[in-house]
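The structure appears below as structure tokens.
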Amino acid sequence: SCFYAAHSVGGAVARPLLLAFPGDGAVAAADPGRAWLLGDWMMVAPVLDQGANEVEVYFPKGTWHSAWSDVREQGGAAGIPVEGPVSVSVQAPVGDVPVYLRAGAVVPMQRPGNTTSQTASQPMSLTVVLPMQGWQPAGGGGGGGGGC
């Protein structure tokens, strides 16, 4: 897991895109403090401006899918994954934090409860994020690494 890798070899579980994609010059130009990675596969792009209901998100190289709802690619239809590198303005109503999963991710999901025992009784599921074309093994090409 990411936490084991962080413990055994150092590094961070949550880190800015600039550390994960050092060869991508557009990452530094795209407000480097806004979006960040949780592990190698999950990107969080919060709205930081008061009153805003959309945010400009830079998607680094790879295929990215919304974790919560459909992503609208520039000129594309709802539900189409975003193929980076590209910047896209995404809707982010109050209370919805934009979170994206990179192709190749396998993410366990579980509905929260009000207590840990309620949460433990909820069923778990696995979200498997497939690439648009071909397969690239974990840690290969385009950033991340670190074995998360």
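The values are calculated or read from the model by the stated rules, or taken from the named source; none is laboratory data. Just so we're clear, the structure is a prediction, and the values are computed from it rather than from any experiment. Here the Cβ is made from the backbone with ideal geometry for all residues, glycine too, and neighbour counts use every protein chain on show. SASA here: full protein model, heavy atoms, side chains in, ligands and nucleic acids out. Shrake-Rupley method; radii C 1.70, N 1.55, O 1.52, S 1.80 Å.
Every residue, every condition in (1) open to solvent by 30 Å² or more (accessible area, probe 1.4 Å); (2) at pLDDT below 90, yes or no:
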| site | (1), (2) |
| --- | --- |
| 57 | no, no |
| 70 | yes, yes |
| 86 | yes, no |
| 126 | yes, yes |
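The C-beta contact set for the range 103-114 (first residue within 17 Å of residue 59 (Cβ to Cβ) and in contact (Cβ under 8 Å) with a residue 24 or more places away in the chain, second residue of a type in the set (Phe, Trp, Tyr) and open to solvent by less than 70 Å² (accessible area, probe 1.4 Å), distance under 9 angstrom, 6+ apart or interchain) comprises 103/41; 103/64; 104/41; 105/41. Residues in the range 7-46 that are open to solvent by less than 50 Å² (accessible area, probe 1.4 Å) and either touching a residue at least 24 places away in the same chain (Cβ under 8 Å) or closer than 21 Å to residue 81 by Cα (or both): 19 in all. Evaluation of residue 99 against the conditions (1) modelled with pLDDT under 85; (2) open to solvent by less than 50 Å² (accessible area, probe 1.4 Å); (3) under 21 Å from residue 1 (Cα atoms) shows that the sole unmet condition is (1).
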